[in-house]
């Protein structure tokens, strides 16, 4: 009896060790994917650092110039509508540096932020390569195009944040004063963090259809539920628009809210497609 117990204990221990080894093998594989993604981000960061003069003057400082694309388009829209007040002739912003190593850290931080942004597609692709072997063939087919759509929505959100939300926010906040005795001298870190936050936050918000797709596949989100809670979603979207855009004017909030409403409706369609696919699968199982 004692020998049987010992043998049984050894077998159970062997299974435990095998499971632990499998777990650590997965961690090792994940580490490899993350290392490769990190190398890609470092390469992108180095390229940005090398061409930093042009990138800083053209991209980072772009929304602070009256010649920026958004301001020129607003001026054309105002002329087409025969309305004044759309043109931005001067963005009242003056940047200052208050730290000894401030400009050096500005270059490092901004190069890293842009490097991470450019490296997002490769990071998503590496994570997809890690997850893909664990999926069944049908699940892989269902997730076809995941990397493309996730990257497309991310960069669409980044562009929207950079060309719409950021310039509107900078133009409003840089010229806002509570007293003529107070002059707006903006620290470089404050400016960079504002541009980066507004741009990247919008890129993440635009991942809503991807999130709904995942939740719908898990059975957590359904199109019926999303339609029934649409009125609450509208309130949440308006709150998000108010948080993402620190400007209190209704025009900016409306411009930001409209794409979010569209994303919510697209998410309902995505959830509906997932539900239809599940129903077809269940019907096929019943016939089998």
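Annotations
- Gain on full extension, evaluated as 0.36 nm per residue between residue 186 and residue 132 minus their Cα-Cα distance, stands at 14.8 nm.
- Exposure proxy for 69, 125: other Cβ atoms within 10 Å of each Cβ, ordered fewest to most, give 69, 125.
- The stretch 85-159 versus the stretch 27-83: alpha-carbon centroid distance in Å: 9 Å
- Here the sum of -39500 (n - 2.57) over DSSP H runs of 4 or more residues, divided by the residues of the chain, equals -25000 deg cm²/dmol at 222 nm, to the nearest 500.
- Degrees, to the nearest 10: 2-50 long Cα axis against longest axis of the chain: 20 degrees
- Each of 98, 222 was scored by other Cβ atoms within 10 Å of its Cβ. Listed from fewest to most, they are 98, 222.
- Under the simplified labelling scheme, the residue 215-residue 29 pair shows an inter-label distance of 2.9 nm, with each label point 7 Å from Cα along Cα→Cβ.
- Order of 51, 264 - criterion: other Cβ atoms within 10 Å of each residue's Cβ, fewest first: 51, 264
- Unit Cα scatterers, Debye sum, the chain: log10 I(q)/I(0) for q = 0.11 Å⁻¹: -0.86
Values quoted throughout were computed directly from the atomic coordinates according to the rules given, and no laboratory measurement underlies them. What you see is a predicted model; the values in this text were computed from it and never measured. In this analysis, Cβ positions are derived from the backbone assuming ideal geometry, glycine residues included, and neighbour counts consider all displayed protein chains.
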